[in-house]
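Derivation of every value follows stated rules applied to the coordinates shown; laboratory data play no part. Values in this document were obtained by computation on a predicted structure and should not be read as measured data. All Cβ positions, glycine included, derive from the backbone under ideal geometry; neighbour counts span all protein chains shown.
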Amino acid sequence: MTISKAAVIISITLFSAPVFSECIVSSPDEILASDQGGVGSWDFIDEVDEICIWNRAASDSGVKQVVAATHMLASVDELLEIVKDYDNYADFFKYVGKSKVIKEIPGGLRVFQQLDLPIPMSDRYYTIDVKVSKLPDQAYRVSWSQVLPSEISGHGVETKANEGFWHLQPIADKPETLVLYYLYTRPGGMVFDWMANIGNEEAIPDTLNDVRQELENR
């Protein structure tokens with residue numbers, strides 16, 4: 001992100017409030033448990049490509065938790081096939097330069113990922129433990145948490161924290177799925193918290209649109 005682009009975003013944030021429109025959920029609290037380590041309520045911040053985005057303060061840093069919700073014309077199984085395809089993430093996620101399953105762990109997989117980020121950001125890498133849980137009402141959650149230090153060294157900076165999940169819930173009587181994407185990441189390196197917040201809020205819709213594009217390609 002250029003400095004001028006960041007300045008424009010900051011100006012819009014300071015002097016205008018986002019216009020709330022109908023979202024597939026009125027608040028992430030409808031789905032999220034209260035144990036995510038956040039502080040206060042979720043604030044609606046934007047809608048991009050029918051993707052509603054909220055954030056809230058985290059309990060351990062100035063980097064905020066971010067959640068996005070949308071619906072996709074696909075079944076839960078079709079979406080699971082994509083979000084669990086870790087070895088091929090670099091083929092369809094914009095910022096992923098490499099993704100590799102390291103080994104199986106109890107209840108899931110250990111995965112290394114390398115992010116190739118646009119200038120002036122330094123690249124990032126991390127190792128995460130990923131687990132899949134079946135929930136009531138035929139919903140699934142694919143969640144991850146960072147393993148420190150990374151079992152594989154990448155290039156750039158190792159992130160300080162990276163946790164999140166995909167929540168996939170079928171919509172009754174429709175060939176659609178409610179998709180909720182939660183992310184809390186502290187990038188490390190010489191990145192101010194406000195810069196990390198802007199970067200996360202921009203990356204969230206990109207990630208969901210990458211999934212939509214991959215659905216069309218399969």
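Here are the numbers:
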read-out: GluC sites (Glu not before Pro), loop per DSSP, at most 13 other Cβ atoms within 10 Å - longest free stretch of the chain; value: 23-150
read-out: Listed residue pairs exceeding 21 Å between alpha carbons, taken from 84/174; 100/131; 98/131; value: 84/174
read-out: Theoretical gain in end-to-end length, residue 98 to residue 190 [0.36 nm per residue, Cα-Cα removed]; value: 30.8 nm
read-out: Kyte-Doolittle mean at least -1.0 and Cα axial length at least 30 Å: DSSP H helices in the chain; value: 193-217
read-out: In nm, spacing of pseudo-spin labels at residue 61 and residue 155 (7 Å Cα→C-beta vector); value: 2.4 nm
read-out: Fraction of beta bridges assigned by DSSP in segment 153-218 that are antiparallel (%, nearest 5); value: 100 percent
read-out: Tail weight of P(r) past 14 Å, computed on alpha-carbon pairs of segment 154-203, percent; value: 63 percent
